[in-house]
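What follows is one structure encoded as structure tokens, with my remarks underneath.
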Amino acid sequence: MAMDDAAPQKDRVEDRHVTLITPTAPVQSPTHGGRAKCLQRLVRLDLPVPRTVALSFDAVRGIAAGRMPDLDALLAGFDPAAVLCVRPSSEVPDWGGPGAILNLGLTDETHEVLSRRIGQEAATRLYTRFIHAYAVDVARLDADAFAELPAEGPAGLAAALDTYEAEAEEPFPQDRATQLAEVLRSMARAWEGTTARLLRQAKGAPADAGLGLVVQEMALGLGHGECGSGVLQLVHPGTGLPQITGRYLSQSQGREALAKDAASLYLERDPRGPSLQELAPEAFDALVEHAGRARLRLRAEMQMEFTIENGRLFILDGVVVPTTSRAAVRIAVRLAEDGIITRQEALLRIEPRALSELLHRQVNPMAVRDPIGRGIAASPGAATGRIAFSAAEAQAMAARDEACILVRRETSPEDVRGMHAAVGVLTERGGMTSHAAVIGRGLGLPCVVGAGRMGFHLRRGQLVAEDGRVFRAGDTITVDGSDGTVLAGAPGMVEPMLDDSFRTLMAWADAERDIGIRANADTPEDAQTARNFDAGGIGLCRTEHMFFDPRRLIVMREMIFADGPEDRRAALDRLLPMQRDDFVELFRTMTGLPVCIRLFDPPLHEFLPSDRIGLRDLAEALDLPVSDVTRRAEALGEYNPMLGMRGVRLGVTIPEIYDMQARAIFEATLEASREDDPVVPEVMIPLVSTPREVEIVRARIDAVAAEVRAERGRDFTYRLGVMVETPRACLLADQVARHAHFLSFGTNDLTQMTYGLSRDDAGRFMSDYVAQGVFAEDPFHVLDAEGVGELLRIGVARGRQGRAGITLSICGEHGGNPESIAHCRAAGVDYVSCSPFRVPVARLAAAQLAI
Ligand code: PEP
Ligand code: MG
């Protein structure tokens, strides 16, 4: 029954679209599908694969159009009494396809022959099963008519034949060529059906994706002696660790052993019960040997689908073991360490994005999910907690040791303490670069933003699910920041995994990549995370994030409310030591690596309280009437704050703030420098649109540097950089570059300004835009190669024209996105900088680009 390569020529199927699978047959996956290709490989490995014929995509298209290949020739190679199966072979298994039809060829006559071979009872069961499957899936008869029939014994068989005849108004076909023709036709047509087409296109199949079919002689899995079927692999699919796993069920065929309630046996000998190893030791040994050979020669961990017939082993199929991302890393690394694949191949086998699954807790893929809403997956990982509708509630819950999810319309600096206290964040508004998203990613806090289809009735203390269910403060929900869903309750989770395989893979990635990867880190804790993930330095420290601490926030507010430069300086003098201490810690944490500090960027009013209670607290702290504070806060309001008094505009108009920050940086530089290892800080000016802004700010920073040198009697150097995040700065990058040691492209603002699209509001309509194909992707997530990318390329080219040897980088959120990294590398940047938890993703993505 096994394939015989030396079969005589008459045995061969001649049609070029219908090929007998042999070690040398021209079976190609693009024309015959993945299963046929895989079977051919197994045949080449000399595994006991039953005789198989593959029909190409063209043959199957022809069948759907009414052109049947020469079935007599096809069947001539099979024993006249053989039982056959027909299985789909699409190019990618995930694209689906019609279900396999088993036990084809059974007729009254072959039933007799089979009864003698495997026993009456087993033969009758198979014939009855085939009639049922043929009736429902091929002849398209009423499934209910067959569902009620007795399934077993001669009575079941007679009833199946009678019902078939009654429903089809003709007897069950007693000729296997007819059966085969009908099976092939129905499978070919099922593939062409609209539903099947839409389903596979949703999985990425092209409109003209083809279907191959394989006709295979069946090993029966039922009958005398040890018979059965199952799957076996040499690794655990969940962990990737070496372990024989799989399923086996005696007296079974097809996918019966895989059914949830199947009482499958142990594979290896096990004290808890009978095992395949005991029941069919030779077959078991051969199976393990075959799986090992397949691993070695097919260069992947393979799941072997097998059947045992009276103790004899047959291999029906082999597919790459479907695994979790964590298992995939372990498997790829071990294959490379065993010399089966190269390190480069191991790197290419891991989807960079999948690494974030290893870095965060995830909802267990096997867990039951109860979705109640959907938003933008803004910060990966999953977290379960009780709903808290305010930062204060979140802190109170954290104080009681209760995990909580902070649920807000959007977040502001006032919520940061609540975010620290929460295990996850859910907001109604916002996109990939909104406050909640950026802070969430920095903290490694799972975060779903822009879940605008849910009802956020914070005053009423209600969160209303998309399906209308109402959740109140204290109810338990789960946010899945990896896929953007919000779930009711507490589904099972899997823990992060940063083991030796992960570290090994990362080290291999670093050896390949040709661009640098830094982290965006605002606090010493972030910096530590960045170090843990082997970032090459800090590419962006957003200094305003250092003022979120409540003790600092109040001084910050005093500074904002200052009446004139003198009052302002007094408040800044109190902020100075706080900033200096932060920088000292940052420099020390990052010893030996560059740290790029961006001067204050956001509109000042973002730091003011937004509600009555906050305004009252501030009035108390400043000893002013609430009405005064309210009026001043309103006066600071702007129609378009993101295009208003922010970034370098603050530096030009209220220079004391940058003076204080420059002094804090330089004093910290001297404090953290060691004789043999001087700190060379990088100071970066945000939101520049004209070279003159850089000149003005640079002159003041130079003056502060000179003052600090003179006061301390010690020298130091620093590097001055400019953030290129307005279209105009890109166009004038040559002039800007003349004043700077480095340029860093802020692609968040650059995207906002290029599209004229508010990064804080885009979440409201982004999903509609993407669903309707207006944008292929959220441009705040994946760099828009055509528009923003063009500005980036212009900026890079002009920047280098302006100053040879200038360092160029990007530090927008795109720095952690593999597709965007590819655009940046192609544009010629020296490094990308991204949130600390995305650093491993970026390291692997950069390595793949260099291979
Ligand atoms: C940017 O605009 O890309 C950037 C990094 O700065 P921020 O997100 O802080 O505006
Ligand atoms: Mg910016």
Just checking, how many residues over segment 659-692 are within 16 Å of ligand 1 (Cβ to nearest atom) and in contact with a helix residue (DSSP H, G or I) (Cβ under 9 Å, 6 or more places away or on another chain)? 7
Collect the residues in segment 36-77 that are under 19 Å from E192 (Cα atoms) and assigned to a helix (DSSP H, G or I), keeping them in residue-number order. F57, D58, A59, V60, R61, G62, I63, A64
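Each row is one residue, and each column tells you yes or no for (1) among the hydroxyl-bearing types (S, T, Y); (2) surrounded by 12 or more Cβ atoms within 10 Å (Cβ to Cβ); (3) closer than 23 Å to A81 by Cα.
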site	(1), (2), (3)
A155	no, yes, no
R176	no, yes, yes
W191	no, yes, no
P206	no, no, no
Every listed condition ((1) surrounded by 24 or more Cβ atoms within 10 Å (Cβ to Cβ); (2) modelled with pLDDT under 95; (3) of a type outside the set (A, V, I, L, M); (4) over 16 Å from P237 (Cα atoms)) holds for G311 save (1)
Give me the pairs: first residue in segment 544-564 and assigned by TED's automatic domain parsing to the domain that holds R646, second residue surrounded by fewer than 19 Cβ atoms within 10 Å (Cβ to Cβ) and part of a loop (DSSP other than H, G, I, E, B), beta-carbon distance under 9 Å, and six or more apart or on different chains, which are they? F561/L624
Counted residues, segment 828-838 - those being more than 16 Å from ligand 2 (Cβ to nearest atom), buried (at least 21 other Cβ atoms within 10 Å of the Cβ) and modelled with pLDDT of 95 or more: 2
If a residue must be touching a His at 6+ places or on another chain (Cβ under 8 Å), within 16 Å of ligand 2 (Cβ to nearest atom) and assigned to a helix (DSSP H, G or I), how many such residues does segment 782-792 contain? 1
Which of the numbered conditions does S758 fail, given that it passes all the others? Conditions: (1) touching a residue at least 24 places away in the same chain (Cβ under 8 Å); (2) within 16 Å of ligand 2 (Cβ to nearest atom); (3) crowded, with 16+ Cβ neighbours inside 10 Å; (4) outside any helix (DSSP H, G or I). (3)
Restricting attention to segment 252-261, does a residue exist that is within 30 Å of T342 (Cβ to Cβ) and surrounded by fewer than 18 Cβ atoms within 10 Å (Cβ to Cβ)? no
Can you confirm whether A205 is assigned by TED's automatic domain parsing to the domain that holds T19 and at pLDDT 90 or above? no
Of the residues in segment 262-294, those that are farther than 20 Å from A219 by Cα and surrounded by 22 or more Cβ atoms within 10 Å (Cβ to Cβ) number 1
So which residues in segment 164-202 are modelled with pLDDT under 95 and among the hydroxyl-bearing types (S, T, Y), if there are any at all? T194, T195
Note on V796: of the conditions (1) under 22 Å from P691 (Cβ atoms); (2) more than 16 Å from ligand 1 (Cβ to nearest atom), unmet is (2)
Kindly provide the set of residues from segment 767-780 that are within 16 Å of ligand 1 (Cβ to nearest atom) and of a type in the set (A, V, I, L, M), ordered by number. none
Hey, any hits in segment 614-622 for a residue that's away from ligand 1 (no atom under 16 Å from the Cβ) and not in a helix (DSSP H, G or I)? no
Out of the residues in segment 793-821 that are of a type in the set (S, T, N, Q) and surrounded by 20 or more Cβ atoms within 10 Å (Cβ to Cβ), state the one that is nearest to ligand 2 (Cβ to nearest atom). S809
Quick one: V697 ticks every box in (1) touching a strand residue (DSSP E or B) at 6+ places or on another chain (Cβ under 9 Å); (2) not in a helix (DSSP H, G or I) bar one, so which box is it? (2)
Test result for I387, among the hydrophobic types (A, V, I, L, M, F, W, C) and modelled with pLDDT of 95 or more: yes
Output the residues belonging to segment 411-432 that are surrounded by fewer than 24 Cβ atoms within 10 Å (Cβ to Cβ), in contact (Cβ under 8 Å) with a residue 60 or more places away in the chain and touching a strand residue (DSSP E or B) at 6+ places or on another chain (Cβ under 9 Å). R429
Among (1) within 14 Å of ligand 2 (Cβ to nearest atom); (2) touching a helix residue (DSSP H, G or I) at 6+ places or on another chain (Cβ under 9 Å); (3) among the polar types (S, T, N, Q), which single condition is Q735 missing? (1)
Every residue in segment 741-755 that is among the small types (G, A, S) and either out of contact with any strand residue (DSSP E or B) (no Cβ under 8 Å at 6 or more places or on another chain) or more than 16 Å from ligand 2 (Cβ to nearest atom) (or both), please. none
Output yes when any residue across segment 345-354 is of a type in the set (V, I, T) and outside the structural domain of V464 (by TED's automatic domain parsing), and no when none is. yes
Restricting attention to segment 661-693, report how many residues are part of a helix (DSSP H, G or I) and either surrounded by 24 or more Cβ atoms within 10 Å (Cβ to Cβ) or within 40 Å of the chain's Cα centre (by Cα) (or both). 8
When restricted to G644, G637, the only residue more than 16 Å from ligand 1 (Cβ to nearest atom), closer than 23 Å to Q752 by Cα and either in contact with a Lys or Arg (Cβ under 6 Å, 6 or more places away or on another chain) or not hydroxyl-bearing (S, T, Y) (or both) is G637
Could you tell me which residue of segment 799-821 is nearest to ligand 1 (Cβ to nearest atom), considering only residues that are of a type in the set (G, A, S) and closer than 19 Å to A378 by Cα? G812
Answer yes or no: is there a residue in segment 561-569 that is of a type in the set (A, V, I, L, M, F, W, C), within 30 Å of T653 (Cβ to Cβ) and either modelled with pLDDT under 90 or within 16 Å of ligand 2 (Cβ to nearest atom) (or both). yes
Pairs where the first residue, in segment 151-175, is of a type in the set (S, T, N, Q) and the second is surrounded by 12 or more Cβ atoms within 10 Å (Cβ to Cβ) and not in a loop (DSSP other than H, G, I, E, B), C-beta under 8 Å, 6+ apart: T163/A135; T163/A145; T163/F146; Q174/D108; Q174/E109
Evaluate the following for P50: is it in the same structural domain as A133 (by TED's automatic domain parsing), modelled with pLDDT under 85 and within 21 Å of F306 (Cα to Cα)? no
Which number in (1) aliphatic (A, V, I, L, M); (2) at pLDDT 95 or above; (3) more than 16 Å from ligand 1 (Cβ to nearest atom) marks the one condition that L783 misses? (3)
Boolean, L849 is surrounded by fewer than 24 Cβ atoms within 10 Å (Cβ to Cβ), of a type outside the set (G, A, S) and not in a loop (DSSP other than H, G, I, E, B): yes
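The values are calculated or read from the model by the stated rules, or taken from the named source; none is laboratory data. Note that the structure is a prediction, hence the values are computed from the model and not measured. Reconstructed Cβ throughout: ideal geometry from the backbone, glycine too, with neighbour counts over all protein chains shown.
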